[in-house]
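The values are calculated or read from the model by the stated rules, or taken from the named source; none is laboratory data. As the structure is a prediction and not an experimental result, all values here were calculated from the model. All Cβ positions, glycine included, derive from the backbone under ideal geometry; neighbour counts span all protein chains shown.
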Amino acid sequence: MAVNIPGLVAIIIFYLLILATGIWASQKSKQEEKRCSGTKSEVAMVGGRNIGILVGIFTTTATWIGGGFINGIAEITYLPHQGLSWSHAALGYGFSLLFGGLFFVKPMRTKQYVTMMDPFQMKYGKVMGAFLFIPAVMGDIFWSAAILASLGATMSVILNIEKYLSIILSASVVIIYTLLGGLYSVAYTDVMQMVFIVISLWLCVPFAIMNPAVADIKYTMVNEFYQSPWIGKIEMNQIFRWIDDLLLMTMGDIPWQVYFQRVLAASSISQARKTSYIAAIFCFTLSFPSIIIGAVAVSTDWNQTSYGLPTPYERQESSMILAIVLQYLCPVYIAVLGIGAISAAVMSSADSSLLSASSMFARNIYKIVIRKKAAEKEVIWIMRTSVVIFGALAATLAVLTNSIYGLWLLSAELVYAILFPQLVCVLFIPSTNIYGSAAGFLIGLTLRLLAGESFLHIPPVIQYPGTSFVNGTYQQLFPFKTFTMLLSLLSILIFSYISSFAFKRKLLPEKFDVFKITEKTRDLPSAPDEQITLNDCRNRKPEPDKNKV
């Protein structure tokens, strides 16, 4: 099969438009730097806290509506014995933005933090902050790699080009415009990408539904036709696992720098909350095209198409079901629009995660831990270098590794087990200290790793009640992810209390208090050379057009 030249040309034109938008947005970043002299790193990381509400809504939604979201919902809806009932992304992402706006926006935005790591380093110290940086940056890199790999597989189906070419091209475009303008380039390209995602995905739906090989999806929703009903079913013994997965998707999606980068970029707490709430609604509604495409795949007699038999599930190609539906059930030009939508979704998430990881490294590791006297210009260049390195690493993983999704899944669960309880404690429980934080980190990490990972074929050392061995992998029906998170949270509280009680009551000699919790509070940096600048541009007047694109 020859390369789809018209489709390839269309994708290249689309990429050039995205790149041009990023370059244009970088000029706005430079204007903000001039207006707010001396805060170049803050402009690059949080847009000078001057991102308008409309742009904020688009960039927040686009970050969540990534390639994993679009492809993943379609895949789960299509898979036999799973179906829509097991697709947690639509509900989970929406709930995470809702709860984030209700509970986490105000304490983060009030104190004018620049990254999610700031409160950890200010409360627990720079060393503990560096340890907590590890699961955060792993999540960002593996997420970028997973969605780039997904894009490569999709393009190989529709355009018939090598997977590595699309990965390298997409990663290069993302790296270039992220380098040029920081958050401004990311945010404004997200606006364009979001519009393209909405229009092109919805255009694909009617063509897929009306294909003669497709049965009525209302009938196949609850009745077996070519495979099990696409609505899915939750067995009684699976209820706790279902709740566990939903809580992971909801609470585990809050402690991510990509979210707080948008929260901290808003001009006010009110605007940040509105952005979060409206993005939550969009995340829910924009799941519908992927659900319909998954339902169409269930309802298709593949023998009537050029794809033929066996089915995508029997060929183990379920992960590419969205691309297969576009390629074999839609006209060529519609399929090209669909691949454009997936490309836009991937880039809108990849750029955010690369900027997220590089911002945390430049500020919280390089500036705070490695070189405390680094100038603004130096921090900017470290951030740009990090974008290139992290982007190259993500692209390399996407090309060479077949288990990227499993790695991302494991890192996402580590974020839930480790970072979520840490974030709750650092923002809402002031009595916690570094000893409790360290204990919670170690216990959360250990318990999660010992539970194994079925996707990576890592057998569990700890087999919770309900563990079974199915199709060569272990499955745990016990809600061990939430159980691990709660034990980590409890550990932080208990060890913080014990250490504080023991040292303040002189039950342990003062020489054992290596972190000096009895001598000074950790609510603020303890020395000038550890000072974390929170808002260099606090007193500026807001722009008259801050709520306009």
#### Entry: Members of region 187-211 found to be over 26 Å from the mean Cα position of the chain (by Cα) and surrounded by fewer than 16 Cβ atoms within 10 Å (Cβ to Cβ), listed by number
P206, M210
### Query
If you go through region 138-156 one residue at a time, do you hit one that is touching a helix residue (DSSP H, G or I) at 6+ places or on another chain (Cβ under 7 Å), over 18 Å from S353 (Cα atoms) and not small (G, A, S)?
yes
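Go over the candidates I418, I382, I389, I458 one by one and state the one that is under 20 Å from the mean Cα position of the chain (by Cα) and free of Cβ contacts under 8 Å to residues at least 40 places away in the same chain.
On the way: I418 fails: free of Cβ contacts under 8 Å to residues at least 40 places away in the same chain; I382 fails: under 20 Å from the mean Cα position of the chain (by Cα); I458 fails: under 20 Å from the mean Cα position of the chain (by Cα).
Sole residue among the options that is under 20 Å from the mean Cα position of the chain (by Cα) and free of Cβ contacts under 8 Å to residues at least 40 places away in the same chain: I389.
Could you grab me the full set of residues in region 278-301 that are among the aromatic types (F, W, Y) and either in contact with a helix residue (DSSP H, G or I) (Cβ under 7 Å, 6 or more places away or on another chain) or in contact (Cβ under 8 Å) with a residue 24 or more places away in the chain (or both)? It would help to see each step written out before you state the result.
The first filter runs over region 278-301 and keeps only residues among the aromatic types (F, W, Y), leaving 282, 284, 288.
If the condition is that a residue be among the aromatic types (F, W, Y) and either in contact with a helix residue (DSSP H, G or I) (Cβ under 7 Å, 6 or more places away or on another chain) or in contact (Cβ under 8 Å) with a residue 24 or more places away in the chain (or both), then F282, F284 are the ones that fit.
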### Task
May I ask you to say which residue of A362, A357 is within 17 Å of the chain's Cα centre (by Cα) and either closer than 18 Å to M128 by Cα or in a helix (DSSP H, G or I) (or both)?
A357
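In region 232-250, what residues are within 13 Å of H81 (Cα to Cα), surrounded by fewer than 18 Cβ atoms within 10 Å (Cβ to Cβ), touching a residue at least 24 places away in the same chain (Cβ under 8 Å) and not basic (K, R)? Let's see the steps before the verdict.
Going through region 232-250, the residues within 13 Å of H81 (Cα to Cα) turn out to be 232-235, 238.
Those still in the list that are surrounded by fewer than 18 Cβ atoms within 10 Å (Cβ to Cβ) too: 233-235, 238.
Filter once more, so that each one left must be touching a residue at least 24 places away in the same chain (Cβ under 8 Å): 233-234, 238.
Matches in region 232-250: I234, Q238.
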#### Entry: Test set (1) within 27 Å of V325 (Cβ to Cβ); (2) in contact (Cβ under 8 Å) with a residue 12 or more places away in the chain - E162 fails condition number
(2)
### Query
List, please: which pairs have Cβ atoms under 6 Å, are six or more places apart or on different chains, and start with a residue in region 84-106 that is under 14 Å from L248 (Cα atoms) and end with one that is among the charged types (D, E, K, R)?
H88/D245; S96/D253
### Query
Counting residues that are closer than 21 Å to D140 by Cα and among the aromatic types (F, W, Y), which helices (runs of 4 or more DSSP H) fully inside region 372-455 reach at least 2?
376-400, 404-414
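Among G152, G182, which is under 26 Å from R384 (Cα atoms) and either in contact with a Phe, Trp or Tyr (Cβ under 8 Å, 6 or more places away or on another chain) or not in a helix (DSSP H, G or I) (or both)? Give the derivation first.
On the way: G182 fails: either in contact with a Phe, Trp or Tyr (Cβ under 8 Å, 6 or more places away or on another chain) or not in a helix (DSSP H, G or I) (or both).
Answer to the selection: G152.
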### Query
Would region 130-149 turn up any residue that is under 14 Å from L397 (Cα atoms) and modelled with pLDDT under 80?
no
### Query
Of everything in region 212-231 that's of a type in the set (A, V, I, L, M) and part of a loop (DSSP other than H, G, I, E, B), which residue is surrounded by the most Cβ atoms within 10 Å (Cβ to Cβ)?
M221
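Looking at F131, is it under 28 Å from F282 (Cβ atoms) and of a type in the set (F, W, Y)? Before you say what the answer is, go through the steps one by one.
Details: under 28 Å from F282 (Cβ atoms): no; of a type in the set (F, W, Y): yes.
No, not satisfied.
Yes/no matrix, rows are residues, columns are (1) at pLDDT 90 or above; (2) of a type in the set (S, T, N, Q):
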position	(1), (2)
C330	yes, no
I339	no, no
V346	no, no
S356	yes, yes
E376	no, no
V387	yes, no
A394	yes, no
### Query
If you go through region 1-34, how many residues are surrounded by fewer than 16 Cβ atoms within 10 Å (Cβ to Cβ) and either more than 19 Å from T59 (Cβ to Cβ) or at pLDDT below 80 (or both)?
13
### Task
Being of a type in the set (A, V, I, L, M), modelled with pLDDT under 90 and in a helix (DSSP H, G or I) is the filter here, so list the residues in region 291-321 that pass it.
M320
### Task
Tell me the helices (runs of 4 or more DSSP H) entirely within region 61-144 that contain at least 2 residues that are over 26 Å from V198 (Cβ atoms).
105-110, 118-124
### From the options A280, A272, residue that is at pLDDT 90 or above and touching a Phe, Trp or Tyr at 6+ places or on another chain (Cβ under 9 Å)
A280
### Query
Are there any pairs, at least 6 apart or on different chains, whose C-beta atoms fall under 8 Å, with the first in region 2-18 and among the aromatic types (F, W, Y) and the second in a helix (DSSP H, G or I), and if so, which?
F14/F196; F14/G340; F14/S343; F14/A344; Y15/L169; Y15/S170; Y15/V173; Y15/S343
### Query
Do you know which of the residues in region 456-480 that are in a strand (DSSP E or B) and not β-branched (V, I, T) is modelled with the lowest pLDDT?
F469
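How many residues are part of a helix (DSSP H, G or I) and at pLDDT below 80 if we restrict to region 35-45?
Step one: of region 35-45, the residues part of a helix (DSSP H, G or I) are 35, 40-45.
Now narrow it down to the ones that are at pLDDT below 80: 35, 40-44.
Of the residues in region 35-45, 6 are part of a helix (DSSP H, G or I) and at pLDDT below 80.
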### Summary
Of the candidates G48, G100, the one satisfying the condition of being under 21 Å from the mean Cα position of the chain (by Cα) and either modelled with pLDDT of 90 or more or of a type in the set (G, A, S) (or both) is G100
### Task
Return a yes/no flag: does region 155-164 have any residue that is out of contact with any Gly (no Cβ under 8 Å at 6 or more places or on another chain) and surrounded by 24 or more Cβ atoms within 10 Å (Cβ to Cβ).
yes
### Query
Would it be correct to say that A171 is touching a residue at least 12 places away in the same chain (Cβ under 8 Å), of a type outside the set (F, W, Y), buried (at least 17 other Cβ atoms within 10 Å of the Cβ) and under 18 Å from L151 (Cα atoms)?
yes
### Message
Can you confirm whether S468 is of a type in the set (S, T, N, Q) and out of contact with any helix residue (DSSP H, G or I) (no Cβ under 9 Å at 6 or more places or on another chain)?
### Response
yes
### Message
Tally up the residues in region 50-71 that are buried (at least 24 other Cβ atoms within 10 Å of the Cβ) and closer than 21 Å to G294 by Cβ, please.
### Response
7
### Condition check for M347: closer than 19 Å to Y177 by Cα, out of contact with any Gly (no Cβ under 8 Å at 6 or more places or on another chain) and not small (G, A, S)
yes
